[in-house]
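S.K.: Can you read through this structure? Questions will come right after.
The values are calculated or read from the model by the stated rules, or taken from the named source; none is laboratory data. The structure displayed is predicted, hence computed values, not measured ones. Glycine gets a Cβ as well: all are built from the backbone with ideal geometry, and neighbour counts include every protein chain shown. When the accessible area is computed, the model is the full protein with side chains, heavy atoms only, and any ligands, DNA or RNA have been set aside. Shrake-Rupley method; radii C 1.70, N 1.55, O 1.52, S 1.80 Å.
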Amino acid sequence: MKDYAHIVLMGMKHTGKSTVGALLAEKLGRSFRDADTVIAELAGLSPRALYDQGGADLMQKWETEACRELAKTAEALVIATGGGLSDNADAAEILSGRSLMIWLDTPFHLLFSRIAASAERDGRLPKFLEGPNPELLFQELFSRRSGIYATMADVVIHTGARMPPEIVNEIMDYISNE
Ligand SMILES: Nc1ncnc2c1ncn2[C@@H]1O[C@H](COP(=O)(O)OP(=O)(O)O)[C@@H](O)[C@H]1O
Ligand SMILES: O=C(O)C1=C[C@@H](OP(=O)(O)O)[C@@H](O)[C@H](O)C1
Ligand SMILES: [Mg+2]
């Protein structure tokens, strides 16, 4: 395994960054941190509440602080980022300096059906998808963000419809063979 500090998972909302990250950390015997949890600890508000109160600007201010904290952690971590990292160049640069950046790339239709299932449970969609046509909004976000993740990524994992343990196995194969 190469000598980077942290392993960072990035990708669109509901690619499974948080789920896969926790499983990967367990397999590697590392600690897992979710940037969204660190944001909530530092800001005292969840990422969703920050969006509701102050839009992307407020969320990104705290996301940058959270990524600064995570990047400087001495212990080698597995880090799951939020889907908006693509839009926060400062936070992405802070994290990528010492980390292996893994992009989880999942087909659009699977992501949108997971988001619809979560919205069913939560009683609402995330604010950035509210509007007359959430699917079209997410399609535009998917196209735009995919281009950015592609430039940020050291490695791409095409998850397809596989379950989290299989995705973790592919990441383990990659890092143990480099
Ligand atoms: N590979 C997968 N296959 C099926 N469902 C998944 C997969 N990965 C995550 N999910 C489901 O999608 C939802 C979002 O997962 P999560 O790990 O929070 O994604 P993210 O952090 O990328 O937004 C959860 O309901 C989770 O159970
Ligand atoms: O796609 C986004 O802009 C966001 C995704 C969320 O994280 P997940 O990707 O873990 O759901 C969270 O950071 C915030 O609501 C913004
Ligand atoms: Mg997450």
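S.K.: Select from the stretch 157-171 the residues that are open to solvent by less than 10 Å² (accessible area, probe 1.4 Å) and outside any strand (DSSP E or B) and list them in ascending order. Outline the logic, then answer.
M.R.: Residues of the stretch 157-171 that are open to solvent by less than 10 Å² (accessible area, probe 1.4 Å), as a first pass: 157, 159, 167-168, 171.
Answer for the stretch 157-171, where residues must be open to solvent by less than 10 Å² (accessible area, probe 1.4 Å) and outside any strand (DSSP E or B): Thr159, Ile167, Val168, Ile171.
S.K.: A follow-up question, please. Exactly one of (1) within 13 Å of Met12 (Cβ to Cβ); (2) assigned to a helix (DSSP H, G or I) is unmet by Ala119. Its number?
M.R.: (1)
S.K.: Of all residues in the stretch 102-121, count the ones that are in contact with a helix residue (DSSP H, G or I) (Cβ under 9 Å, 6 or more places away or on another chain), within 16 Å of ligand 3 (Cβ to nearest atom) and not aromatic (Phe, Trp, Tyr).
M.R.: 7
S.K.: Please give the helices (runs of 4 or more DSSP H) falling wholly within the stretch 1-112 in which 1 or more residues are of a type in the set (Lys, Arg).
M.R.: Working: elements: 17-28, 35-43, 47-71, 89-96.
Helices (runs of 4 or more DSSP H) meeting the threshold: 17-28, 47-71.
S.K.: Which residues, counting only those in the stretch 82-108, are under 15 Å from Thr151 (Cβ atoms) and in contact (Cβ under 8 Å) with a residue 60 or more places away in the chain?
M.R.: Leu85, Ser86, Asp87, Ala92, Leu95, Ser96, Met101, Ile102, Trp103, Asp105
S.K.: Okay, next question. Name the pairs whose Cβ atoms lie under 6 Å apart, with the first residue in the stretch 13-24 and within 6 Å of ligand 1 (Cβ to nearest atom), the second open to solvent by less than 60 Å² (accessible area, probe 1.4 Å) and part of a helix (DSSP H, G or I), and 6 or more positions between them or separate chains?
M.R.: Listed by first residue and then by second, the contacts come to Lys13/Gly83; His14/Leu111; His14/Ile115; Gly16/Pro164; Thr19/Pro164.
S.K.: In the stretch 153-178, which residues are under 24 Å from Asp3 (Cβ atoms) and without any contact (Cβ under 8 Å) to a residue 12 or more places away in the chain?
M.R.: Answer for the stretch 153-178, where residues must be under 24 Å from Asp3 (Cβ atoms) and without any contact (Cβ under 8 Å) to a residue 12 or more places away in the chain: Asn169, Asp173, Asn177.
Residue-wise test of (1) out of contact with any His (no Cβ under 7 Å at 6 or more places or on another chain); (2) buried (at least 20 other Cβ atoms within 10 Å of the Cβ); (3) under 19 Å from Ala161 (Cα atoms).
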position: Ser86; (1), (2), (3): yes, yes, no
position: Ile102; (1), (2), (3): yes, yes, yes
position: Phe108; (1), (2), (3): yes, no, yes
position: Leu125; (1), (2), (3): yes, no, no
position: Phe128; (1), (2), (3): yes, no, no
position: Pro134; (1), (2), (3): yes, no, no
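S.K.: Please identify the pairs in which a residue from the stretch 26-52 that is near ligand 2 (Cβ under 8 Å from one of its atoms) has its Cβ atom under 8 Å from the Cβ atom of a residue that is open to solvent by 60 Å² or more (accessible area, probe 1.4 Å) and at pLDDT below 95, counting only partners at least 6 apart or on another chain.
M.R.: Close Cβ pairs satisfying both conditions: Arg48/Lys127; Tyr51/Lys127; Tyr51/Phe128.
S.K.: Check Gly97 against each of (1) closer than 30 Å to Gly29 by Cβ; (2) at pLDDT below 95; (3) surrounded by 13 or more Cβ atoms within 10 Å (Cβ to Cβ) and name the one condition it does not meet.
M.R.: (3)
S.K.: Suppose the filter is within 12 Å of ligand 2 (Cβ to nearest atom), under 20 Å from Val8 (Cβ atoms) and in contact with a helix residue (DSSP H, G or I) (Cβ under 9 Å, 6 or more places away or on another chain); does Ala71 pass it? First the steps, then the outcome.
M.R.: On the way: within 12 Å of ligand 2 (Cβ to nearest atom): no; under 20 Å from Val8 (Cβ atoms): yes; in contact with a helix residue (DSSP H, G or I) (Cβ under 9 Å, 6 or more places away or on another chain): yes.
When the stated conditions are applied, Ala71 does not pass them.
S.K.: Turning to a different aspect of this structure: What is the residue count in the stretch 137-156 for residues that are farther than 23 Å from Pro47 by Cβ and either open to solvent by 50 Å² or more (accessible area, probe 1.4 Å) or at pLDDT below 95 (or both)?
M.R.: The total comes to 4.
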